[in-house]
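Novice: So that we are looking at the same thing, I have put the structure below in structure tokens.
The values are calculated or read from the model by the stated rules, or taken from the named source; none is laboratory data. Every value quoted in this text rests on a predicted model; they were computed, and no experiment measured them. A quick note on method: Cβ atoms are made from the backbone with ideal geometry, for glycine too, and the neighbour counts reach across all protein chains shown.
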Protein chains: 2
Amino acid sequence: MSKQAKIAVLGGGSWATAIVKMLSENLDTIGWYMRSIYAIEHIKRNKHNPSYLSSAELHPKQLNLSEDMNYIVKNYDILIFAIPSAFVNTELEKLTASLKNKIIFSAIKGIVPETGLIVGEHFHQKYNIPFNNIGVITGPCHAEEVAMERLSYLTLACQDQEKATDLSKYISGRYIKTKISDDIIGTEYAAMLKNIYAIAAGIAHGLGYGDNFQAVLMSNGIREMKRFIKKVHKMKRNINNSAYLGDLLVTGYSVFSRNRMFGNMIGKGYTVKSAMLEMSMVAEGYYATKSAFEINQKNGAKTPIIDAVYNVLYGKKEAKDEFLKLTNRLD
Amino acid sequence: MSKQAKIAVLGGGSWATAIVKMLSENLDTIGWYMRSIYAIEHIKRNKHNPSYLSSAELHPKQLNLSEDMNYIVKNYDILIFAIPSAFVNTELEKLTASLKNKIIFSAIKGIVPETGLIVGEHFHQKYNIPFNNIGVITGPCHAEEVAMERLSYLTLACQDQEKATDLSKYISGRYIKTKISDDIIGTEYAAMLKNIYAIAAGIAHGLGYGDNFQAVLMSNGIREMKRFIKKVHKMKRNINNSAYLGDLLVTGYSVFSRNRMFGNMIGKGYTVKSAMLEMSMVAEGYYATKSAFEINQKNGAKTPIIDAVYNVLYGKKEAKDEFLKLTNRLD
């Protein structure tokens, strides 16, 4: 490849590392911003990210690693943001380089807590990026399985589908297949809402509900997701495509999902605060629940699962009572 | 309840036992046919089915147990068949009592191997039962969770929805919720097709595909199921309702599913024959695969997953090659 695209990944976590691994199969050089100088040095010396997805072998010769976000932004055209949503706003405050004419792909799952916006809208509203230059990379995809080179299907969404197609050439490979979509709003909301349903699945499990109920919960969840997204952004979409239903299932059925784990603790009787302390982190679905509930207050879609999770996490309602009520709203 | 419906269950397995348990919460007396005199005596003496769902406590005083199918058929109005599909035809050969004016509900998941028909159609064609008197009881429901009294949602389908509603009063209870549908064809085909997708999930797992692929497989599976059923019987249905998607998920994600187990052995390199011998039984999805494939030869729905499973089970194709081809037909 003589004229390769100039692509950089921003973020140092598992998902960022997985995306770097995918790109490194196709690109000679990749920009990579991460905060931790220690992690950068470790990668250069040991060819592994020290803290996240350590099993993935990295090739430092291909990597232009930097702890300076502005250096990376200046020198690359396509910027893939994979910073956990809770830190996006703070991280972006460092930004002085212009984002003009940059193509921004968000691989961030969730909502920016400070603005209550999905990441694409956050970039659009706060940084004046036109929607034609904003894209989304979405699963179903556990980063851990990318490290193991297990076949995974990603969806790349952009209003300007040519940009998604261009990027897909550098993402696709032996163990990654890609699908193109023009539904950036829908795929991003799906990626955010699925975390709420994963919390719900965890709560149900913690309360002693079984696999029969879990199947009913997921079946109601995807119908609820469809109603929710339709109110936010009406367009023709097949909610059973991998980017929506597949993404819901890979999270809702994963015992490793942090959102499901968080819900499970709540179901077992932990308070919201003590579950957070115990996990020493905040599950992304926690913020998503508040945002989704508030957005839907205006839109009025029927969302019994989101309502129940909201009442438990923010309304000081007992999970047991709230889920008993929920069982009568499902079918 | 002074005038209770006269309801009998036919079959002695786990699912029959679970349905008897549900009914015994609401009915003073239930007819129950099973082949094994030994099992009948055991239930009378020990209040448990000796071989299936033994953890469920039964109440012999409520049960009119008989090893004579004709006695049961003569004396009850609503007959719930829960005989494994592989034995339905042989069992029904014993039948001399008339089925005229009887209401037949099928709780049988699968296809009658000898006729290649779903059970409702088998009764309709071979016994002249009008479709108005034929119903279907479907999950998502592991019998084991009924024994544990874990909340489960069943769908009762009948063209004459009043009959489904009547029966639902005797099925619903503390841990069973019911939904009424008029789609007997669609719900039965869903219950049959899900076993093929469970075999596919097992094969994929056996071959080393991971959770990311499983989510993509299920997402493609439900879309394929929708296309298949639409060709067989076109009507307005929401394929994401619990009777379709929920049923697919509870089986496709269950590590206890015999169909998934069977597929897993094939994926790990067993021949079809040796997998069957090892399991000392034939997984229902094995017959379903042949029927579904043949039905679809005429209908022409796009069914890459059924095709791949068929080629492995009946076409002597290597699972590894066939699934590699399949991965290119999914998205």
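Novice: If you take the residues of segment A:92-114 that are touching a residue at least 60 places away in the same chain (Cβ under 8 Å) and of a type outside the set (A, V, I, L, M, F, W, C), which of them is farthest from A:L23 (Cα to Cα)?
Specialist: Among those that are touching a residue at least 60 places away in the same chain (Cβ under 8 Å) and of a type outside the set (A, V, I, L, M, F, W, C), it is A:P113.
Novice: If you don't mind, another one. Please go through segment A:9-39 and pick out each residue that is farther than 14 Å from A:P84 by Cα and surrounded by fewer than 21 Cβ atoms within 10 Å (Cβ to Cβ).
Specialist: Across segment A:9-39, the qualifying residues are A:E25, A:N26, A:L27, A:D28, A:T29, A:S36, A:I37, A:Y38, A:A39.
Novice: Do we have B:A275 as more than 16 Å from B:L330 (Cα to Cα) and either assigned by the TED database to the domain that holds B:L151 or touching a strand residue (DSSP E or B) at 6+ places or on another chain (Cβ under 8 Å) (or both) here?
Specialist: no
Novice: Tell me which of these B:T178 doesn't satisfy, since it passes every other one: (1) without any contact (Cβ under 8 Å) to a residue 60 or more places away in the chain; (2) more than 20 Å from B:F293 (Cα to Cα); (3) assigned by the TED database to the domain that holds B:T271.
Specialist: Result: B:T178 fails condition (3) only.
Novice: On to the next question. Quick one: how many residues across segment A:102-114 are in a loop (DSSP other than H, G, I, E, B) and modelled with pLDDT of 95 or more?
Specialist: Residues flagged as in a loop (DSSP other than H, G, I, E, B) and modelled with pLDDT of 95 or more within segment A:102-114 amount to 2.
Novice: Inside segment B:115-170, can you point out the residues that are modelled with pLDDT of 95 or more, of a type in the set (V, I, T) and surrounded by fewer than 24 Cβ atoms within 10 Å (Cβ to Cβ)?
Specialist: B:I129, B:T165
Novice: What tally of residues in segment A:100-134 results from selecting those that are farther than 14 Å from A:C158 by Cβ and among the β-branched types (V, I, T)?
Specialist: Counting residues in segment A:100-134 that are farther than 14 Å from A:C158 by Cβ and among the β-branched types (V, I, T) gives 5.
Novice: Okay, next question. Here are A:G139, A:G135: which of them is within 25 Å of A:H48 (Cβ to Cβ) and touching a helix residue (DSSP H, G or I) at 6+ places or on another chain (Cβ under 7 Å)?
Specialist: Step by step, each of A:G139, A:G135 is checked, and only A:G139 is within 25 Å of A:H48 (Cβ to Cβ) and touching a helix residue (DSSP H, G or I) at 6+ places or on another chain (Cβ under 7 Å).
Novice: Report whether or not B:A283 is in contact with a helix residue (DSSP H, G or I) (Cβ under 9 Å, 6 or more places away or on another chain), more than 14 Å from every other protein chain (Cβ to nearest Cβ) and surrounded by 24 or more Cβ atoms within 10 Å (Cβ to Cβ).
Specialist: yes
Novice: Name the one entry in B:D307, B:D321 that is away from every other protein chain (no Cβ under 13 Å), free of Cβ contacts under 8 Å to residues at least 12 places away in the same chain, over 17 Å from the mean Cα position of the chain (by Cα) and part of a helix (DSSP H, G or I). Outline the logic, then answer.
Specialist: Working: B:D307 fails: free of Cβ contacts under 8 Å to residues at least 12 places away in the same chain.
Matching residue, one of B:D307, B:D321: B:D321.
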